[in-house]
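Reading through the structure tokens given below for one structure.
The values are calculated or read from the model by the stated rules, or taken from the named source; none is laboratory data. Everything quoted here is computed from the prediction, not taken from an experiment. Ideal geometry is used to build each Cβ from the backbone, glycine not excepted, and the neighbour counts take in all protein chains shown. Surface areas here come from the heavy atoms of the whole protein model, side chains and all, with no ligands, DNA or RNA. Shrake-Rupley method; radii C 1.70, N 1.55, O 1.52, S 1.80 Å.
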Amino acid sequence: AWGLIDSWGQVFSGLNSRRCITAGLINGTGYDVQIKSTKLVEGGSPCYSIPSKEFNAEQGILKPGGCVLFFGWGVVPNLLQPGNVVMTIETNACEVDLSIRTNSSGAKAGYHVGFLEKSVTEWWAKYWLLVRKVS
């Protein structure tokens, strides 16, 4: 995740600067987690995913112990638009809203979602989330 953000910052700098966000979702439930949707609510790109081998992209199923890294970026800021990036991730276990400025997560019944990392600057944000089953 850090390599992705670092490379992004080197390529898109100066007058071509763009904000970016990366979010890693780790399945610590011991069960399959279905990723229903991921999207950039605000930004200049689709929401890209870099999955581990435990992810079945056709069905959106993340097997136990697997993780998926999500990445997106904003448009070049100007006087009319700040170039914000807002990402949403919805699974059968939780719903997460992430941006450079704010973050929120809501676990569904029987699950717990927690942040392992929240690293945020004015130009990028990096989050790691762990989804667990409530015992």
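Structure data summary
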{"item": "Filtered residue count, the stretch 1-14, keeping only those that are small (Gly, Ala, Ser), farther than 16 Å from Val68 by Cα and outside any helix (DSSP H, G or I)", "result": "1"}
{"item": "Residue under evaluation Glu54, criteria (1) under 25 Å from Arg132 (Cα atoms); (2) touching a Lys or Arg at 6+ places or on another chain (Cβ under 6 Å); (3) crowded, with 19+ Cβ neighbours inside 10 Å, criterion not met", "result": "(3)"}
{"item": "Members of the stretch 49-71 that are on the phi < 0 side of the Ramachandran plot and assigned to a loop (DSSP other than H, G, I, E, B)", "result": "Ser52, Lys53, Glu54, Ala57, Glu58, Gln59, Lys63, Pro64, Gly66"}
{"item": "Filtered residues of the stretch 15-48 (kept if open to solvent by 60 Å² or more (accessible area, probe 1.4 Å) and outside any loop (DSSP other than H, G, I, E, B))", "result": "Leu15, Asn16, Gln34, Lys36, Lys39, Val41, Glu42, Tyr48"}
{"item": "Filtered residues of the stretch 125-135 (kept if touching an Asp or Glu at 6+ places or on another chain (Cβ under 9 Å) and open to solvent by 50 Å² or more (accessible area, probe 1.4 Å))", "result": "Trp128"}
{"item": "Members of the stretch 118-135 found to be over 16 Å from Trp8 (Cα atoms) and among the polar types (S, T, N, Q), listed by number", "result": "Ser135"}
{"item": "Subset tally (residues that are open to solvent by less than 60 Å² (accessible area, probe 1.4 Å), touching a Ser or Thr at 6+ places or on another chain (Cβ under 8 Å) and modelled with pLDDT under 95) for the stretch 106-123", "result": "0"}
{"item": "Residues (open to solvent by less than 60 Å² (accessible area, probe 1.4 Å) and either closer than 16 Å to Thr29 by Cβ or in contact with a helix residue (DSSP H, G or I) (Cβ under 6 Å, 6 or more places away or on another chain) (or both)) located in the stretch 91-105", "result": "Thr91, Asn92, Ala93, Cys94, Val96, Ser105"}
